[in-house]
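Following: one structure in structure tokens, then a few remarks.
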Amino acid sequence: MTTLRPPRISASAHQRIMKALEFCMPWPELQVQLHQLKQAAHNEDLPAIKAVLLACVQGYHEQVL
């Protein structure tokens, strides 16, 4: 099973509104990662797909049940 960890959350000026503090990868780096992901998907290379996700998606981890 694969899961994403919840984002870091902080309060806002309003007591019932929260803000998520999420990582944003720079576009040039994201383009490289997307190309690698596309190639891995085209080749049906599951280990390569997981490697790209582990490298570029903060909070992504594989959970073994």
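The values are calculated or read from the model by the stated rules, or taken from the named source; none is laboratory data. Please read these numbers as outputs of a predicted model, since none were measured by experiment. With ideal geometry, Cβ positions are generated from the backbone for all residues, glycine too; neighbour counts draw on all protein chains shown.
Quick notes
- Looking only at region 1-14, and only at residues there that are at pLDDT below 80 and part of a loop (DSSP other than H, G, I, E, B), the one that is farthest from H61 (Cα to Cα): P7
- All positions within region 35-53 that are exposed (fewer than 13 other Cβ atoms within 10 Å of the Cβ) and under 15 Å from M25 (Cα atoms): H35
- Of the residues screened, A55 is not one that is modelled with pLDDT of 75 or more, more than 14 Å from the chain's Cα centre (by Cα) and not acidic (D, E).
- Scanning region 35-52 for residues being in a helix (DSSP H, G or I) and either under 14 Å from the mean Cα position of the chain (by Cα) or not small (G, A, S) (or both) gives a total of 12.
- Residues in region 17-34 that are exposed (fewer than 12 other Cβ atoms within 10 Å of the Cβ) and assigned to a loop (DSSP other than H, G, I, E, B): I17, E22, F23, C24, P26.
- First in region 15-29 and closer than 13 Å to C56 by Cα, second anywhere and of a type outside the set (D, E, K, R) and exposed (fewer than 10 other Cβ atoms within 10 Å of the Cβ), Cβ under 7 Å, 6 or more apart: none
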